[in-house]
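Participant: Before anything else, here's the structure in question.
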């Protein structure tokens, strides 16, 4: 009988960080839908400011086109253990909103840090089907 040392699997660096999903599909990221915003600059700014504290994902469509631009902030593993759940933000079409999201995620995000009060202006609940597809 061999003696094996039990090891615990290494924790993923991504599990320790929030995930920020930024929609850039048919409506989000479209100057036809939101003409006053430089969508690529918004994405690049969020990616640059969050890359050291969060996993950034770009997706084609989150199926909430009426709320363009949509961003979903998913909690880190620690944030989920503390009760954090994914937060859906719509109509994120203001540079200041991106700065508020960045500050919140930088402080820990869902479950670990209270969002700035202005985040309430962007909150919405997508359908269960849409939530399930993102989390699945």
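Participant: Need at least 1 residues that are buried (at least 16 other Cβ atoms within 10 Å of the Cβ), in contact (Cβ under 8 Å) with a residue 40 or more places away in the chain and over 14 Å from the mean Cα position of the chain (by Cα) per element, so show me which helices (runs of 4 or more DSSP H) inside segment 24-136 make the cut, counting only ones lying wholly within it. Working first, answer last.
Facilitator: Numbers: elements: 39-50, 77-81, 95-106, 128-135.
Where helices (runs of 4 or more DSSP H) fall fully within segment 24-136 and carry at least 1 residues being buried (at least 16 other Cβ atoms within 10 Å of the Cβ), in contact (Cβ under 8 Å) with a residue 40 or more places away in the chain and over 14 Å from the mean Cα position of the chain (by Cα), they are 77-81, 128-135.
Participant: Which one is surrounded by the fewest Cβ atoms within 10 Å (Cβ to Cβ), of the residues in segment 14-23 that are free of Cβ contacts under 8 Å to residues at least 60 places away in the same chain and under 23 Å from residue 124 (Cα atoms)?
Facilitator: So the first thing to find is which residues in segment 14-23 are free of Cβ contacts under 8 Å to residues at least 60 places away in the same chain, and the list is 14, 17, 19, 22-23.
Now drop any that are not under 23 Å from residue 124 (Cα atoms), which leaves 17, 19, 22-23.
On the way: 17: 24, 19: 19, 22: 24, 23: 26.
Only one residue tops the list, namely 19.
Participant: Can you confirm whether segment 65-75 contains a residue that is over 22 Å from residue 38 (Cα atoms) and in contact with a strand residue (DSSP E or B) (Cβ under 9 Å, 6 or more places away or on another chain)?
Facilitator: Let us first name the residues in segment 65-75 that are over 22 Å from residue 38 (Cα atoms), namely 74-75.
Narrowing the set further to residues that are in contact with a strand residue (DSSP E or B) (Cβ under 9 Å, 6 or more places away or on another chain) leaves 74-75.
Yes, the conditions are met somewhere in segment 65-75.
Residue-wise test of (1) within 25 Å of residue 110 (Cα to Cα); (2) at pLDDT 85 or above.
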residue	(1), (2)
6	no, no
17	yes, yes
21	yes, yes
34	no, yes
38	no, yes
46	yes, yes
50	yes, yes
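The values are calculated or read from the model by the stated rules, or taken from the named source; none is laboratory data. Please read all numbers here as calculations on a predicted model, not as lab measurements. In this analysis, Cβ positions are derived from the backbone assuming ideal geometry, glycine residues included, and neighbour counts consider all displayed protein chains.
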